[in-house]
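Here is the structure we will look at.
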Amino acid sequence: MKKTTIFLLLALFSISMRAQTVKVAAAANLRFVFEEIKNSYMKANPRSDVVVNFGSTGALYLQIVNGADFNLFMAADDVVPVKLKAQGLVSGEVKTYAFGKLVLWSNTINVSKGMDVLTDPSVKRIAVAKPDLAPYGDRAVECLKSAGLLEKVNDKIVYADNISQTAQFAQTGNAEVGFLAYSLTLSPEMKGSTFEIDAKSYKPVAQAMAIVKGWKANPEAVKLMKYILSPECKPIFEKYGYIIQ
């Protein structure tokens, strides 16, 4: 009996010392900023493990609806997390963590003069994230409509599955110009010309997150969410061009 009790205590101790894994579904525009936040969090919480899957907000939404075992969902808008909450798939409140910026970017063409460059004959392909899946793609189409350019350049648009793939298209030459999240253009390998689009020409990109309701609670996910919203992460977000309010 004594040996059994000792064994059980050791087993419980081993479980308590085991890393608590948080599975995060994160919008593709967070690829660089979240890696930095993740490293900072795990340094402060060495017994924690954070695993992240990047994708378009729409695609991640479908995965969650179909039962993917994510603990925390960080979207590129504030609409989809609220939609998940209405479907009973979110625990607690939906929290806005940052506001993103939309830019034009190219590594072959000077886009500093603005969106009129898109009608230039040298621009044969324009990379845009699929607007039905990616909020930044939706805002890009909104900007093109607002500027009266959508019909003029519609046959030049190549659609990518998410904003990271959009950046890849523009970076590798599959498109001369791309509508990108500003945060992605701040990566060291993204050396090119950038034009920040007037924020008044598109709906604010309010990015929100929520705890995904799983078959069991994950306290570490709640702890990570609080960390992301803490003052400690504000300079990290701002470093990558996000606005924190």
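The values are calculated or read from the model by the stated rules, or taken from the named source; none is laboratory data. In this text the structure is predicted, and so the values were computed from the model without any measurement. Cβ atoms come from the backbone with ideal geometry, glycine included; neighbour counts cover every protein chain shown.
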Residue in the range 64-71 that is without any contact (Cβ under 8 Å) to a residue 40 or more places away in the chain, outside any loop (DSSP other than H, G, I, E, B) and farther than 30 Å from residue 201 by Cβ present: yes
Residue identified as over 30 Å from residue 49 (Cβ atoms) and in contact (Cβ under 8 Å) with a residue 60 or more places away in the chain among 206, 221, 199, 181: 199
Enumeration of residues in the range 72-83 that are aliphatic (A, V, I, L, M), buried (at least 20 other Cβ atoms within 10 Å of the Cβ) and part of a helix (DSSP H, G or I): 80
Residue in the range 103-120 that is part of a helix (DSSP H, G or I) and either surrounded by fewer than 18 Cβ atoms within 10 Å (Cβ to Cβ) or assigned by TED's automatic domain parsing to the domain that holds residue 60 (or both) present: yes
Sole exception among (1) surrounded by 15 or more Cβ atoms within 10 Å (Cβ to Cβ); (2) closer than 24 Å to residue 53 by Cα; (3) touching a residue at least 40 places away in the same chain (Cβ under 8 Å); (4) touching a helix residue (DSSP H, G or I) at 6+ places or on another chain (Cβ under 8 Å) for residue 139, by number: (4)
Conditions (1) farther than 14 Å from residue 207 by Cα; (2) out of contact with any Phe, Trp or Tyr (no Cβ under 6 Å at 6 or more places or on another chain); (3) in contact (Cβ under 8 Å) with a residue 12 or more places away in the chain; (4) of a type outside the set (D, E, K, R): number failed by residue 86: (3)
